[in-house]
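Structure first, commentary second.
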Amino acid sequence: MLKKLMHSTKWRFILCVIVTNLLSISVTMFVWLPMSRNLFPVGNVLAPYIPMGIATLVAIPISSAISLHSAKPIQDMVEATKSISKGDFSVRVSEEWEGDIGELLHSFNQMTAELGSTELMRNDFINIFSHEFKTPIVSIRGFARRLRSGNLTQQQREEYLQFIAEESERLSRLANSVLLIAKYENQTLIADQTEYDLDEQIRTCILRMESQWSERNIVFDVDLPKLPYRSNAEMMDHVWGNLIGNAIKYSHDNGKIYISARRDESFVTVWIRDEGIGIKPEHIRHIFDKFYQEDTAHASEGNGLGLALVRRIIELSKGEISVESQENHGTVFIVRLPLQQS
């Protein structure tokens, strides 16, 4: 596109020179020549054409100035593009122009800002991803070496084996989550859609996690009407599993979790609310980011991919997810899904 614009700018200069000269010729032929017959002697043949030469000499610098001025925003974009190709995403072009050129320059700056943001996110993702995988691998290697060293009591062996099993499970969950994220991010449509009851899927998910909430004496208050729904049941199971799992994880012992839903002609809306520790205001806008964990010490189990996976699945479903939270008073996730899937 820029090449075409530069090409048109070059010809704009030529066109400007031609138009200016044609104008000067027209003025000379139809205005100056008739007047010159009365102003100059009959034998002075060159005199009538002097204005034409002067007009031509004046037209060239004027045309050059106009062309260079109009080409400046394109030249600025070309220089900025060269900087971007070298990895400098901080470059910006002036947006002082109006009309289509102004919109083009504004869009160019927006594109550059988005590229910079994407590059920063990519670097952060790689760094965090490397750290998340490295940590359990280092732990497994360390405990395995201790087991090989000998001179250990039976209790120590059992403890080290338990650590290895836990870190291996953590690594497996992380790998599965990364594979799911990669799969769904490269997916544009939901395949294998079937008709099923969304309310039954949520109840089944609660029962599947009974070992997590029953031992902490957490109670569920469920208000789910019959919700016939069409989608990929396996994908949606990840949504409820992660949201309900988070509600359990961040609830207090002897706490209560509320799950309700409503359906209208076009949408089904599900609320999942806990009375747990809540989310700090500065963390709310990041909770759907990959590998983001409010608990930076990793005191609680998780890898920071669950909510990123939830958001991607809901995006594929053409739905919406929002969160409301108050620190030490609990959190509510609101999922809104269209009933018609394509």
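The values are calculated or read from the model by the stated rules, or taken from the named source; none is laboratory data. The structure displayed is predicted, hence computed values, not measured ones. Note that each Cβ is placed from the backbone with ideal geometry, even for glycine, and that neighbours are counted across all protein chains shown. SASA here: full protein model, heavy atoms, side chains in, ligands and nucleic acids out. Shrake-Rupley method; radii C 1.70, N 1.55, O 1.52, S 1.80 Å.
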- Since residue 196 meets every condition but one in (1) open to solvent by less than 60 Å² (accessible area, probe 1.4 Å); (2) outside any helix (DSSP H, G or I); (3) in contact with a Pro (Cβ under 7 Å, 6 or more places away or on another chain); (4) not β-branched (Val, Ile, Thr), which condition does it not meet? (3)
- Message: Is it the case, given these coordinates, that residue 216 is open to solvent by 50 Å² or more (accessible area, probe 1.4 Å) and assigned to a strand (DSSP E or B)?
- Response: no
- All but one of (1) in contact with a strand residue (DSSP E or B) (Cβ under 9 Å, 6 or more places away or on another chain); (2) open to solvent by less than 20 Å² (accessible area, probe 1.4 Å) hold for residue 223; which doesn't? (2)
- Item | Condition met for residue 102 (modelled with pLDDT under 70, in a helix (DSSP H, G or I) and open to solvent by less than 50 Å² (accessible area, probe 1.4 Å)) | no
- Item | Residue list for region 226-236, filter: closer than 20 Å to residue 177 by Cβ and either open to solvent by 40 Å² or more (accessible area, probe 1.4 Å) or touching a Pro at 6+ places or on another chain (Cβ under 7 Å) (or both) | 234
- Query: How about region 222-276: which of its residues are of a type in the set (Asp, Glu) and in contact with a helix residue (DSSP H, G or I) (Cβ under 6 Å, 6 or more places away or on another chain)?
  - Reply: 274
- Note on the structure: Note on region 308-342: residues in a loop (DSSP other than H, G, I, E, B), surrounded by 15 or more Cβ atoms within 10 Å (Cβ to Cβ) and without any contact (Cβ under 8 Å) to a residue 60 or more places away in the chain are 319
